[in-house]
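We did not get these values from a lab; they are worked out from the coordinates using the rules stated. Keep in mind it's a predicted model, so treat the numbers as computed, not measured. Positions of Cβ are backbone-derived with ideal geometry, glycine not excepted, and every protein chain shown enters the neighbour counts.
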Amino acid sequence: MIAVVDYGVGNLFSLCSSLKRIGADAIVTSVPEMIRKADKVILPGVGAFADAAKKLRDSGLDKIIIEQAARGKEIMGICLGMQLLFEKSYEFGEHTGLGLLKGSVIGMEGTIPAELKIPHIGWNALSFCKESKLLRYVKEGDCVYFVHSFYVDPSAESVVATAQYGKAVTAAVQKENVMGCQFHPEKSGEVGLSILRAFCEREDGV
Amino acid sequence: MITKRIIPCLDIKNGRVVKGTNFQGLSDVSSPVELAKLYSDNGADELVFYDITASAEGRQLFTDVLCQVASQIFIPLTVGGGINTVADFDRVLKCGADKVSVNSGAIRNPQLIYEAAQKYGSQCVVLSADIKRVDGQFRVFAKGGREDTGMEAIAWIKKGVALGAGEVVVNSIDTDGVKQGFDIEMLRAVCDAVNVPVIASGGAGAVEHFTDLFRAIPTIDAALAASVFHFGQIQIPDLKQELRNNDIIVRL
């Protein structure tokens with residue numbers, strides 16, 4: 001069973017529909033016991049980092065996710081959910097994340113060429129940096145759908161794929177059992193579904 | 001680099017696609033779900049659904065249809081038509097829409113753009129403007145292009161973006177339905193004025209019109225069309241291949 005963490009951030013309709021499509025047994029939950037019981041955990045999220053980090057902390061779910069990651073459970077962050085896995089974000093100030101991955105979240109403004117539009121919205125091609133479980137069914141150059149104005153500093157060691165937007169922008173990350181993607185797999189057509197499938201699949205192929 | 005987007009637009013009335021289509025192989029040519037699936041499978045980068053019903057009953061059918069589409073189609077969905085309040089945003093976002101486009105509702109109440117952007121983020125708010133030349137000026141029209149608001153279009157779009165619109169759809173009334181190509185002059189004026197994605201609409205009649213558009217205005221992000229796709233005059237895979245042959249970056 002996959003637990004999709006519900007902490008009051010964003011709309012889970014499309015994510016749940018796409019998990020259903022790939023045949024994953026997923027539940028949306030904010031109950032710690034359910035997250036503990038789950039085989040894997042998805043941390044979704046859209047909106048502002050500070051607000052989402054506060055909601056995670058206020059609900060106490062931050063500790064549960066950290067505890068479960070420490071036990072080796074696979075955790076996948078999506079979009080803002082991926083950014084929250086990192087130590088901190090410089091989105092409108094400086095805010096602390098879950099710290100499961102080393103690195104920080106920075107703004108596009110001032111770090112990508114000024115003529116490019118912000119947010120980075122649309123389909124962009126993936127370039128691989130390292131192998132990752134998430135990308136096992138994806139080909140280099142496959143396009144996925146992005147919507148964001150902040151991104152994980154691509155110098156982070158966990159970066160496994162980037163997309164070119166004036167510079168290499170972090171697209172997917174993985175370190176051991178903690179992973180995530182900046183783009184929206186639930187809005188990235190077949191390529192996106194294959195990324196969710198790669199995460200949800202058990203190692204024994206069931 | 002980010003790819004140029006091709007966006008089919010579906011007008012929905014009482015839960016059905018209007019304008020008809022003549023697709024072969026669709027069991028139901030007016031089924032929004034079937035048509036959306038076909039476009040998605042053919043490489044559409046995004047879909048726009050316009051609700052053109054006036055009745056409350058039709059509105060309910062529209063949201064039902066949207067839920068069905070969003071549970072089966074996994075590409076971005078934009079919804080427009082009848083969006084007058086933040087509650088309308090809520091209604092369609094809950095059914096799986098990713099972006100909501102405002103037009104007459106924002107003309108009546110520009111604060112709608114601000115409130116929705118505050119609540120859902122700018123990436124969610126699309127300003128759609130119907131524009132026509134009047135006395136040598138680009139003028140914004142309301143109510144589906146029937147009513148001249150007297151507002152100058154570039155100023156209105158700049159205002160909308162300042163209020164929080166994260167994307168702009170420019171529908172040229174002058175070129176709409178004529179099928180002689182997009183309104184390059186109008187679109188260029190908008191692209192030069194704002195730094196958010198701009199989507200061209202109105203005038204597509206042939207593949208070369210898309211090539212012309214992306215070549216003439218490198219900063220334009222997407223092209224939207226309805227009937228050329230619905231009537232099968234242009235197949236999306238052919239269109240995208242032709243764009244790529246012309247060195248325009250697209251998702252294939």
Kirkwood Rh, Cα atoms: Rg over Rh of the protein assembly as shown: 0.96
Go through A:170-182, B:194-206 and give me the packing order, highest mean Cβ count within 10 Å leading. A:170-182, B:194-206
Net charge near A:Q174: determine it from the other residues with C-beta under 9 Å of the C-beta of A:Q174, scoring Lys and Arg +1 and Asp and Glu -1. +1
DSSP beta bridge pairing in the stretch B:113-208, given as percent antiparallel to the nearest 5: 45
Proximal charge balance of A:E74 [Cβ under 12 Å; K/R count +1, D/E count -1]: +2
Checking A:G23, A:G93, A:G77 against a Gaussian network model of chain A (alpha-carbon springs below 10 Å), the top fluctuating residue turns out to be A:G93
Excluding same-chain residues fewer than 8 positions from B:K13, which lysines have a Cα within less than 19 Å of its Cα? B:K37, B:K143
With label points built 7 Å along Cα→Cβ from the Cα atoms of B:E208 and B:D90, find their separation and express it in nm. 5.2
Peptide B:41-50 - average C-beta neighbours from other chains (10 Å radius): 1
Taking the Cβ of B:V125 as the center, what net charge do the other residues with Cβ under 9 Å away carry, scoring Lys and Arg +1 and Asp and Glu -1? 0
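Beta carbons within 10 angstrom, averaged per residue: use that to sort the peptides A:41-47, A:155-161, A:105-111, highest first. Don't skip to the answer; put the middle values down first.
On the way: A:41-47: 23.7, A:155-161: 18.7, A:105-111: 15.9.
Those peptides, ordered most packed to least, come out A:41-47, A:155-161, A:105-111.
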Other protein chain Cβ atoms within 10 Å, averaged over every residue that makes up A:6-18: 4
Taking square-rooted eigenvalues a ≥ b ≥ c of the alpha carbon gyration tensor, is the stretch A:67-185 rounded, prolate or oblate, where a/c under 1.5 means rounded and, failing that, a/b exceeding b/c means prolate? oblate
Lysines within cross-link reach of A:K63: Cα-Cα under 28 Å, excluding same-chain residues under 8 positions apart? A:K20, A:K37, A:K40, A:K54, A:K55, A:K73, A:K88, A:K102, A:K133, A:K175, B:K119
Antiparallel versus total DSSP beta bridges in chain A: what percent is that, nearest 5? 55
Once you keep just the Cα pairs under 8 angstrom separated by 6 or more residues, what percentage relative contact order results for chain A? 19
Reachable aspartates and glutamates from A:K139, criterion Cα separation under 14 angstrom, eight or more residues apart if same chain: A:E131, A:E190
Mean separation of Cα contacts under 8 Å, 6 or more apart, over the residue count of chain B: relative contact order %: 19
Taking each residue of B:2-10 in turn, how many C-beta atoms of other protein chains fall within 10 Å of its C-beta, and what is the average? 3
What percent antiparallel are the DSSP beta bridges of the protein assembly as shown, to the nearest 5? 40
Based on the Kirkwood radius over alpha-carbon pairs, what value in µm²/s does the Stokes-Einstein equation return for the translational diffusion coefficient of the stretch A:2-200 at 10 °C and 1.306 mPa s? 97
In a Gaussian network model of chain A with springs linking alpha carbons closer than 10 Å, the residue among A:I35, A:I27, A:I118 that fluctuates most is A:I118
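What ranking do B:52-59, B:214-221, B:8-15, B:73-80 get when scored by the average of other Cβ atoms within 10 Å per residue, highest first?
B:73-80, B:8-15, B:214-221, B:52-59
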Alpha carbon centroid spacing (whole Å) that separates the stretch A:8-52 from the stretch B:223-252: 35
Got a sec? Charge dipole of the stretch B:5-245, +1 on Cβ for Lys and Arg, -1 for Asp and Glu; which of B:A87, B:F210, B:S31 is way out at the positive end? B:A87
Does the stretch B:5-245 classify as rounded, prolate or oblate by the C-alpha gyration tensor (a ≥ b ≥ c root eigenvalues; a/c under 1.5 gives rounded; else a/b over b/c gives prolate, otherwise oblate)? oblate
